[in-house]
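Peer 1: Here you go, one structure.
The values are calculated or read from the model by the stated rules, or taken from the named source; none is laboratory data. Predicted, not measured: the structure shown is a model, and the values here were computed from it. Because the Cβ atoms are built from the backbone with ideal geometry, glycine has one as well, and the counts that use them run over all protein chains shown.
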Ligand code: DGL
């Protein structure tokens, strides 16, 4: 009998023991992109143990059907729960759009998702034109349509699906010619329309923010949601009395199912330090 399944029988009513506050937080993405969110979580919540899963064998999610993405999300969530996770962060805009409602219906633990920062971008834009770089899956989703409906009414929103960009970042190609060419191609329509604010609507993209900056220049604001997600996670854990004890030193562990031999070096380069990377 494991801690997860152990129950106390009182008058035949099973009582599940509460997950302890020192349990880890599970974080996953279609690949290595969610490490950009993990960095914000680790910086804000240094006492939390973090378990990160890169589903790189199945990346990119952007061209997959919602059903395929939901099935990946269930498998990864089951894995993280089996590892003792007290909460799950879906560090992927595409997976959130396709699966967060189903996940919340299926699981009882807190599930934090993310969406492109249309609302803060609309508030920050001076000229009323914002650009959104995201995966095709995110841009086609009902969730994104709802975001535009709620927060995009008073601004012009120029969207651009970035096919192939996630793959470059999965290979760790953050500053080569091919990645630069893609970014020039994808940022051009946004710049042509006069966007003064660009939303990085995929968690992989902050890793090429320096290259995006090179393409768009200094006057365009780039908006990423990683810090807001970390804050939301902190609030949720605090309300549930699930924040890790302050004397705990947070440990971070990675799993990857990437077929590439470069998985560990790429993860370490993005994380910015040595990392334990286990096979999923
Ligand atoms: N990091 C994922 C996101 O935020 C990338 C999705 C993909 O694999 O296409 O959307």
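Peer 1: So, restricting to helices (runs of 4 or more DSSP H) that lie completely within segment 179-280, which ones have at least 2 residues that are more than 21 Å from residue 33 (Cα to Cα)?
Peer 2: Numbers: elements: 209-216, 226-239, 263-271.
It comes to 226-239.
Peer 1: So if I check each of 208, 229, 220, which one is crowded, with 20+ Cβ neighbours inside 10 Å and under 16 Å from residue 132 (Cβ atoms)?
Peer 2: Going through 208, 229, 220 in turn, just one is crowded, with 20+ Cβ neighbours inside 10 Å and under 16 Å from residue 132 (Cβ atoms): 208.
Peer 1: Which of (1) within 16 Å of the ligand (Cβ to nearest atom); (2) without any contact (Cβ under 8 Å) to a residue 12 or more places away in the chain; (3) under 25 Å from residue 244 (Cα atoms) does residue 71 not meet, given it meets every other one?
Peer 2: (3)
Peer 1: Kindly indicate whether any position in segment 24-33 is within 16 Å of the ligand (Cβ to nearest atom) and surrounded by fewer than 24 Cβ atoms within 10 Å (Cβ to Cβ).
Peer 2: Checked segment 24-33: no residue is within 16 Å of the ligand (Cβ to nearest atom) and surrounded by fewer than 24 Cβ atoms within 10 Å (Cβ to Cβ).
Peer 1: Please find, among 172, 161, the residue that is within 25 Å of residue 264 (Cα to Cα) and surrounded by fewer than 23 Cβ atoms within 10 Å (Cβ to Cβ).
Peer 2: Values: 161 fails: within 25 Å of residue 264 (Cα to Cα).
Exactly one of 172, 161 is within 25 Å of residue 264 (Cα to Cα) and surrounded by fewer than 23 Cβ atoms within 10 Å (Cβ to Cβ), namely 172.
Peer 1: Could you please let me know if residue 34 is outside the structural domain of residue 136 (by TED's automatic domain parsing) and at positive phi?
Peer 2: No: the conditions fail for residue 34.
Peer 1: Taking into account only those residues within segment 87-117 that are touching a helix residue (DSSP H, G or I) at 6+ places or on another chain (Cβ under 8 Å) and more than 16 Å from the ligand (Cβ to nearest atom), which is nearest to residue 146 (Cα to Cα)?
Peer 2: 102
Peer 1: For segment 84-112: of the residues being without any contact (Cβ under 8 Å) to a residue 60 or more places away in the chain and within 26 Å of residue 221 (Cα to Cα), which is surrounded by the fewest Cβ atoms within 10 Å (Cβ to Cβ)?
Peer 2: Residue satisfying both the conditions and the ranking: 96.
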